[in-house]
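Below is one structure, written out as structure tokens, with a few remarks after it.
The values are calculated or read from the model by the stated rules, or taken from the named source; none is laboratory data. These numbers come from a predicted model, not from an experiment. Note that we place each Cβ from the backbone using ideal geometry, even for glycine, and neighbour counts take in every protein chain shown.
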Amino acid sequence: MNCMNENILVIDDEIQIRRLLKISLEDSGYKVFLAGNAKEGLQESVNCRPSLILLDLGLPDEDGLSVMKKIREFSETPVIVLSVRNSEKDIVSALDSGSNDYITKPFNTGELLARIRACLRLYKPEQKIPQFINGNLEVDFSTREVKVSDKIVKLTSTEFSLLALFIRNAGKVITHGYILKEVWGKPFSDEVQYLRVYVAQLRKKLESNPSNPVMFVTESGIGYRMKIIE
Amino acid sequence: MDSESRPDPDELLKQIKDTEQNHLKGKLKIYIGMCAGVGKTFSMLQDAAKAHGKGVDTLIGFVETHGRSETEFLLFYLPQLPRKTLTYKGIELNEFDLDSVLEKKPRLVIVDELAHTNAPGSRHTKRYLDILELLDNGIDVFTAVNVQHIESLSDTVSRITGIKVNETVPDSIIEIADEIELVDISPEELLQRLSDGKVYTADKTRDAVENFFRKGNLSALRELSLRLAADRVDRQVRNYMQVNKIHGPWKSSQRIIIGVSSSPDSTELIRWARRVSYTMNASWVAVHVETPVPPDEYRRVALNKNLELARELGAEVIVTSDVDVVNGLLRIAKNENATLIVIGKSPKKNVFSAFFKSDIVTRLLNESGTIDVFVVSGSSESGNEEKKIRMPASQSGVFQYLVSAGIVFTIALLLYPLSSIIGYQTVALILLLVVTLLPLVMGPGPVLLAALLCPVIWNYFFVPPKFTILIGKSEDILMFFSFFFIALVTGVLTTRIRQREKVMKQREERAVALYRLANDLSKAVNLEEVINESVKNIENYFKVKSFIRLAGCDGKLKLNVNENISSKELSVAEWVYTNSKKAGRFTDSLPFAEYVYYPLTGPRGTYGIAAVKFFDKVSFMEQETLLKNFLNQTGSAVEREILNDRAGKAMILEESERLYKTLFDSLSHELKTPIATIMGSVSFLIERKKDSNASVQELYKEINTASIRLNVLVENLLDMARLESGKLVVNKKPCEARDLMNSVLDKQDIKENKNRITADIPENMPLFFVDFTLIEQALVNIIRNAIAYTPDETKIKLQFSHDGSYLYITVSDNGIGVPEQDLDRLFDKFYRIERKNSGGTGLGLSISKGIIDAHKGTINAYNMTSGGLKFVIKLPR
């Protein structure tokens, strides 16, 4: 694996989860640091210079959301939020206040590792993307040309900016509010129906089976994710 | 910009407010005529018929045709309201039935004769009050009135025609009318119509022509009505110019102050001032200056009447106290930035005022500075009237005079035998002492009597030669006159001091009463105490019976029928509360009640009613202002308590919600952490195939399946708890059917059975508004249920469809269905049908139902004829 020397900080109050994560992450070649509460977590996030932080939203000493905000005050380190189901509101707030992805407990280790990889790839600073390839989708940003299985597909300018946003955040979940704000502007951040229509159109034009999308997937109650097809 | 012509912002705001209020209120159209027979009713009915023809819901509320055939003909086509029959002293009276109109709620009601006085027992004393209530309820009204019935014109009319007008309507109702139509014909034509018998029957006609319908009268009345209409048009033009910033000759911020006293001249003055302020477009203030000399009862009533009239005619009323009337008036005039002071010419001049100070008019003219002064003369006959009534109106009864005389004679009798010892000069001093002391117990009249009697008695009985009015010695003559003068002055002065003291005491009592109320109210810690304190204070101070009732949470007055208050009183209370206006005894609305009712209002709304039982009208009118102060304070206190209550409740609710969330979060955290550990570990082990052989891998998969099931169970339990606590928030957003389906099919345990599931979503399925996550959960539960309860080869079909207002989702299988008797209980909690390979929790379907119910949708289960079970979900879009 190509992820040697990557430090990952786990902030979770449950010792069992911390142990599980330590074993499975170290097995994949990451160096793992552990913190059992918010205070330790914040300290460690400065000390051990992590490449990525796994943050549990339910911490004993401080609300996970405010920890998230504090981390963002001094660092751009990618953060994946761990949370239980039924807390979509908290997840959306965490994402909106700067975390990069989320995974619900209980989770599948394979799924978690895939998320971590996507996050780390995304934050390689040298990675500029004039050309983007995912599965049979090919996008050339210099010419604004979009190809699916080598066939040119015409997109409207809104569709293209939506696609560009997905590509910039490839592999990562993006919230409805964030997409609407970025593509349509702040006054539209509640108009979810626009988004539904345009995502459906993107799927129609770019997915091989629009009724069973594999690239533009829905994260129920939260937003969308462009899946990296590996 | 020329500041003079810039529209006054307050004025504009008022204009906007007026227009806004008009949206909610009904529209009023008044037909004005110079007298009976000009055809007001006829043109009103013509317009009504037109409106009716256009499909406006029109109702004839009350129209008197006086047997005029043309009018009756029109009436024939319009729906009419039956009249209400009231029996008063054995006479049957037909009246306008306000309640049934309010019940029927038509768009437009025709109610003739605006100035009519309702029969005793009606809700309001006057018909125009009925009409105001109709307007408040959003019903349009057409009505008609003759010019002589308009309050500010009635004096003029009775002077012209010599007939006293009893039924009047306040000018304000003409002002609030949205439209005024002048029904005008020439006097000649009217007389012609009269002689044709179109107005009255023949015998009545002759009387009418002789008494009222003289040509001179008619011309004068016609001029009055034309002028009234012209004034209004003029005002409308001015309003229009002001709103639309058209420069015009109008001058804003004129303010007129009128001095009001108890004299009947003031009544006329008030009417005059109203007309002037209306035509000048000026605001006006009626000022009464209370002097230390207390007015007698008659004057007090008259004064209150005058102030009430001014209020009714739209004046702002200020009562101030000052030792000097002129100073008081000028002080208010300066505070109010008055441009004009209007006072009546006072005919009464007594000897003292001629000596001590110049009369009010002259002084006002001298001291008013830049403010214009207008002096209006009063009619002389009203002056006589005043005098006539003033004489017997003195404060002390005959009894007091007798007592006073008695005291003087008794003292004189006691002193008589002593006079030879102490000397007759000492007697004079003792008698003087009596005169000085008398004001402590007597009114001013008896004191004066004593002051006059004493010197005479002294002279007659004590001064030699005794038993004559002759006085022998010259120093005794001097003494007699000194005695006379000293007794008189002492009497007058002490009386005046006493009176001032009385006024001061009264004022202080009021202030103390208000202070005490404020104090008591501020100490009250809950609503009940506020009310008890307020009632206690009112009853103590006014010496009346009183009660307060508040409205409950449902916005209805909390009244118990078993209280010893009659149902009639209760209905008055309800009316007062809903209309937020005072009513009851001594008022114009519902005067048959025993109590006077006031709405209890705070700055933010009406909270209930207060009822006070006054025994006579005089004390009611005198005390009303203070009572209103009491009630205002109570209203504010009630509002304060209600707001406090609400804040308290909100806090408790918030706290309980916070507790609930904490409990719930920690519960879900505790239950899920072990599952998360098991699943995380096992999935790690499954992925690291190299460590183990095939059979161990099988076991790992078993652990995985079991932990998924455990997780589903825990989530179901938590969902159920959330649903039952009512804390479920449905967050509706636009959703797409395909998205929903994909999310459902993406669940791990469902994904494993994907080959059993087919989905059918029509092209162009519109977006629908639901809570995505919840509906997803509902569908997942149903599909899990289908997977668990049917054999492996069974196919499951998910279908979406829609019509205009509903979204339908059906989940069907081709399994064996369920026994009919179980269908109804399928959604019950923990209900499971006996089947071997179930493994469900018995909660899934009832959670689904809970979610669908929260969306105001329905879910039903059917056994299909082709076999298998079908769930149909119907959701509003």
Among A:VAL92, A:VAL67, the single one that is in contact with a Ser or Thr (Cβ under 7 Å, 6 or more places away or on another chain) and not in a loop (DSSP other than H, G, I, E, B) is A:VAL92
Taking first residues from the range B:846-858 that are under 15 Å from B:ASN716 (Cα atoms) and second residues anywhere that are among the aromatic types (Phe, Trp, Tyr) and surrounded by fewer than 21 Cβ atoms within 10 Å (Cβ to Cβ), the pairs with Cβ under 9 Å that are 6 or more apart or on different chains are B:SER846/B:PHE827; B:SER846/B:PHE830; B:SER846/B:TYR831; B:SER848/B:PHE827; B:LYS849/B:PHE827; B:GLY850/B:PHE827
Against the condition assigned by TED's automatic domain parsing to the domain that holds B:ASP99, part of a helix (DSSP H, G or I) and not aromatic (Phe, Trp, Tyr), how does B:ALA36 come out, does it pass?
no
Sole exception among (1) closer than 30 Å to B:LEU717 by Cβ; (2) small (Gly, Ala, Ser); (3) more than 14 Å from every other protein chain (Cβ to nearest Cβ) for B:ALA676, by number:
(3)
A:ARG19 fails exactly one of the following numbered conditions: (1) within 12 Å of chain B (Cβ to nearest Cβ); (2) closer than 17 Å to A:ARG115 by Cα; (3) surrounded by fewer than 18 Cβ atoms within 10 Å (Cβ to Cβ). What is the number of that condition?
(2)
Could you list, in sequence order, all residues of the range A:6-39 that are of a type in the set (Asp, Glu), part of a helix (DSSP H, G or I) and at pLDDT below 90?
A:ASP27
Residues to consider are B:ILE783, B:ILE787, B:ILE816; find the one that is in contact with an Asp or Glu (Cβ under 9 Å, 6 or more places away or on another chain), aliphatic (A, V, I, L, M) and outside any strand (DSSP E or B).
B:ILE787
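Conditions tested, residue by residue: (1) over 18 Å from the mean Cα position of the chain (by Cα); (2) in a loop (DSSP other than H, G, I, E, B); (3) hydroxyl-bearing (Ser, Thr, Tyr).
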position: B:CYS553; (1), (2), (3): yes, yes, no
position: B:ILE565; (1), (2), (3): yes, yes, no
position: B:GLU569; (1), (2), (3): yes, no, no
position: B:THR578; (1), (2), (3): no, no, yes
position: B:ALA593; (1), (2), (3): yes, yes, no
position: B:TYR598; (1), (2), (3): no, no, yes
Select from the range A:188-198 the residues that are facing chain B (nearest Cβ under 8 Å) and crowded, with 18+ Cβ neighbours inside 10 Å and write down the one among them that is farthest from B:LEU767 (Cα to Cα).
A:VAL192
Based on what the data block shows, is B:ILE686 facing another protein chain (nearest Cβ under 10 Å), within 17 Å of A:GLU111 (Cβ to Cβ) and out of contact with any Phe, Trp or Tyr (no Cβ under 9 Å at 6 or more places or on another chain)?
no
Could you figure out which of (1) under 23 Å from B:PHE772 (Cβ atoms); (2) aromatic (Phe, Trp, Tyr); (3) without any contact (Cβ under 8 Å) to a residue 40 or more places away in the chain isn't true of A:PHE132?
(1)
Tally time: how many residues in the range B:713-738 are in a loop (DSSP other than H, G, I, E, B), in contact with an Asp or Glu (Cβ under 9 Å, 6 or more places away or on another chain) and not basic (Lys, Arg)?
4
When the range A:1-16 is checked residue by residue, the ones that are over 20 Å from A:TYR102 (Cβ atoms) and either within 13 Å of chain B (Cβ to nearest Cβ) or without any contact (Cβ under 8 Å) to a residue 40 or more places away in the chain (or both) are A:MET1, A:ASN2, A:MET4, A:ASN5, A:ILE15, A:GLN16
How many residues does the range B:512-536 contain that are closer than 16 Å to B:TYR607 by Cβ and loosely packed, with under 15 Cβ neighbours inside 10 Å?
3
Quick one: is B:ILE809 closer than 25 Å to B:LYS733 by Cβ and either out of contact with any strand residue (DSSP E or B) (no Cβ under 7 Å at 6 or more places or on another chain) or assigned by TED's automatic domain parsing to the domain that holds B:LEU845 (or both)?
yes
Scanning for something within 11 Å of chain A (Cβ to nearest Cβ), closer than 17 Å to B:GLU670 by Cα and more than 55 Å from the chain's Cα centre (by Cα), does the range B:734-745 turn up at least one residue?
no
Unique residue being touching a residue at least 24 places away in the same chain (Cβ under 8 Å), away from every other protein chain (no Cβ under 11 Å) and either closer than 27 Å to A:ASN108 by Cα or not acidic (Asp, Glu) (or both) when the list is B:SER707, B:SER725:
B:SER725
Regarding the range A:113-126, can at least one residue be identified that is more than 14 Å from the chain's Cα centre (by Cα) and within 14 Å of another protein chain (Cβ to nearest Cβ)?
no
Among the candidates B:LEU671, B:LEU710, B:LEU659, B:LEU723, residue that is surrounded by fewer than 13 Cβ atoms within 10 Å (Cβ to Cβ) and modelled with pLDDT of 80 or more
B:LEU659
Is one or more of the residues making up the range B:601-619 surrounded by 21 or more Cβ atoms within 10 Å (Cβ to Cβ), in a helix (DSSP H, G or I) and among the hydrophobic types (A, V, I, L, M, F, W, C)?
no
Residue among B:GLU715, B:GLU763, B:GLU793 that is acidic (Asp, Glu), exposed (fewer than 15 other Cβ atoms within 10 Å of the Cβ) and within 14 Å of chain A (Cβ to nearest Cβ):
B:GLU763
Would it be correct to say that B:LYS751 is surrounded by fewer than 19 Cβ atoms within 10 Å (Cβ to Cβ), under 24 Å from A:THR104 (Cβ atoms), more than 11 Å from chain A (Cβ to nearest Cβ) and not acidic (Asp, Glu)?
yes
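One line per residue, one yes/no per condition, for (1) surrounded by fewer than 14 Cβ atoms within 10 Å (Cβ to Cβ); (2) farther than 30 Å from B:PHE399 by Cβ; (3) of a type in the set (D, E, K, R):
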position	(1), (2), (3)
B:LEU432	no, no, no
B:PRO455	no, no, no
B:GLU475	yes, yes, yes
B:MET479	no, yes, no
Among helices (runs of 4 or more DSSP H) entirely inside the range B:77-193, those with 2 or more residues being closer than 20 Å to B:THR65 by Cβ are B:127-136
Selection within the range A:43-64 - crowded, with 18+ Cβ neighbours inside 10 Å, modelled with pLDDT under 90 and of a type in the set (A, V, I, L, M)
A:LEU57, A:LEU59
In the range A:41-60, how many residues are outside any helix (DSSP H, G or I) and away from every other protein chain (no Cβ under 14 Å)?
7
